[in-house]
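Colleague: Once you've had a glance at the structure underneath, I'll fire off some questions.
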Amino acid sequence: MRLGAIEAGGTKFVVAIGDENGNVLERDAFPTTSPEETVQNIFKFFDGKDIEALGLGCFGPIDPDLKSPTYGYITTTPKPGWTNYNIVGAIQEHYPGLPIGFDTDVNGAALGEAYFGAAKGLDSALYLTIGTGIGGGAIVEGNLVHGLLHPEMGHMMLTVREDDQYAGKCPYHGTCFEGLAAGPAIEARWGVKGNELDENHPAWDLEAWYIAQALAIYVLTISPKKIILGGGVMHQKQLFPMVHKYLQERLHGYIQKDEITTDKIKEYVVYPGLGDNAGVCGALALAKMAKER
Ligand code: ADP
Ligand code: ZN
């Protein structure tokens, strides 16, 4: 099966051709400019490629509800030119009849990890990206979670640690998870980009403390069978053992499952099986799901 994939980000779009097993055969990328120019670049890549379905994992907020009149729109983004843009409509008009799978980038990545990656075969998983922003996608009992809109897991309020004086970066909430722990918050708090901080810098202990606090809430609310942490900040692999320790401390023996209380936690909270391909493979997974729908 030849499938098309689009990982639509606020700064760049990645386009790819792949198959139903998550193999990427060909890929390209271009910067996110105006919607009109961006879709022209999409068409330039996919025209004549003979794909059977297309998956689009998209920056948000979006409307992924097939029954809604604004299905397929990027909705209230502050990104200039993109507010209320019908991206699925534009693509569908160019490729009439092509099955298109459309969801948030993180729901796509969660599905990709469940089809092909670290959560392969599981009917329950959580994918979290910690990068320029923080977002989460969840599979619960085999289905991607949407609900009223779609989850916005990066914006819940967290308790600020006593030794942290930083006021938080989120324009809506200040010290929400994203405001405290996304890449730009790390940079604002410490004055240098995350990738320039030594792996032993105290920034990482604080970062792990916030991540674990958020994970405890997800464990208590959606009870995922696997938690996958991706995004640029998680390139700091030394975060994982600290996150494991702080998550155990925070849950304090309340969730009596080996995945939490024993060393098995190392396989419970993990790096993406698909690495930095999680986004593109996620879009392939969305395409596969659309084809089978
Ligand atoms: P995006 O979220 O825009 O799709 P990324 O997931 O790459 O992109 O996240 C970018 C953010 O992650 C930036 O704030 C950057 O400073 C931070 N980042 C990227 N690489 C690293 C690294 N190796 N260590 C720490 N932070 C990083
Ligand atoms: Zn927020």
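Colleague: So how many Å³ per residue does the convex hull of the Cα atoms of region 3-104 work out to?
Modeller: On the way: hull volume 9.6 nm³, N = 102.
In region 3-104, the Cα hull volume divided by residue count equals 94 Å³.
Colleague: Let me ask something additional. Expressed as a rounded percentage, what relative contact order does region 1-67 have, with Cα pairs under 8 Å and six or more residues apart? Please report the intermediate quantities before stating the final value.
Modeller: Working: 98 pairs, mean separation 26.2, N = 67.
Relative contact order for region 1-67 comes out at 39 percent.
Colleague: Moving to a separate point now. Just need the relative contact order of the chain here, percent rounded to a whole number, with Cα pairs under 8 Å and 6+ apart.
Modeller: On the way: 613 pairs, mean separation 66.8, N = 293.
Taking the mean separation of contacting Cα pairs over the length of the chain, I get 23 percent.
Colleague: Counting other beta carbons within 10 Å of each residue's own, what order do S34, S124 fall into, fewest first? Intermediate values should be presented prior to the final figure.
Modeller: Numbers: S34 12, S124 17.
Ordered from fewest to most neighbouring Cβ atoms within 10 Å, S34, S124 come out as S34, S124.
Colleague: In the chain, if the dipole is taken from +1 on Lys/Arg beta carbons and -1 on Asp/Glu beta carbons about the Cα centre, which of L25, L158, A138 is farthest to the positive end?
Modeller: Result: A138.
Colleague: Just report the Cα centroid separation between region 193-270 and region 6-54, whole Å.
Modeller: 33
Colleague: How big is region 138-293 along each principal axis, measuring the range of its Cα positions in Å and listing the largest first?
Modeller: Here the spans come out as 50, 35, 30 Å, largest first.
Colleague: Net charge around L197, counting only other residues with Cβ within less than 13 Å of its Cβ (Lys, Arg = +1; Asp, Glu = -1)?
Modeller: -4
Colleague: Here's another thing I want to ask about it. Arrange the peptides 251-259, 49-57 so that the one whose residues have, on average, the most other Cβ atoms within 10 Å appears first. The partial results should precede the final answer.
Modeller: Details: 251-259: 12.2, 49-57: 22.2.
Put in order of decreasing packing, that is 49-57, 251-259.
Colleague: Something else about it: Quick query: amide H of V270 versus all other amide H atoms, modeled in the peptide plane; which residues come in under 5 Å with a sequence gap of 5 or more or a different chain?
Modeller: Under 5 Å from the amide H of V270 lie the amide H atoms of I227, I228, L229, each far enough along the sequence or on another chain.
Colleague: Using only helices, what value at 222 nm comes out for the chain when you add -39,500 (n - 2.57) per DSSP H run of length 4 or more and divide by the total residues, to the nearest 500 deg cm²/dmol?
Modeller: Values: 10 runs with 102 residues, N = 293.
Value at 222 nm, helices only: -10500 deg cm²/dmol.
Colleague: How big is the antiparallel share of DSSP beta bridges in region 3-104, given as a percent to the nearest 5? It would help to have the intermediate numbers written out before the result.
Modeller: Working: 16 of 27 bridges.
Within region 3-104, antiparallel bridges account for around 60 percent of the total.
Colleague: Right, next: For D65, D123, what ranking results if the residue with the fewest other Cβ atoms within 10 Å of its Cβ goes first?
Modeller: D123, D65
Colleague: With each label point set 7 Å from Cα along the Cα-Cβ vector, what nm distance links M157 and H252?
Modeller: 2.0
Colleague: Here is a further query. Order these by the 10 Å Cβ neighbour count, fewest first: M157, M234.
Modeller: Working: M157 14, M234 20.
So the ranking, lowest neighbour count to highest, is M157, M234.
Colleague: So if I average 1/r over every pair of distinct C-alpha atoms in the chain and take the inverse, what Kirkwood radius in Å does that give?
Modeller: Values: mean 1/r = 0.0514 Å⁻¹.
Hydrodynamic radius (Kirkwood, Cα only) of the chain equals 19.4 Å.
Colleague: Between T70 and K225, 0.36 nm times their residue separation minus their Cα-Cα distance comes to what? It would help to have the intermediate numbers written out before the result.
Modeller: Working: separation 155, 0.36 × 155 = 55.80 nm, distance 3.28 nm.
Stretched fully, the T70-K225 segment lengthens by 52.5 nm.
Just so you know, all these numbers are worked out from the coordinates, no wet-lab data involved. Quantities reported herein were computed from a predicted structural model and do not represent experimental measurements. Heads up, the Cβs are rebuilt from the backbone with ideal geometry, glycines too, and the neighbour counts pull from every protein chain shown.
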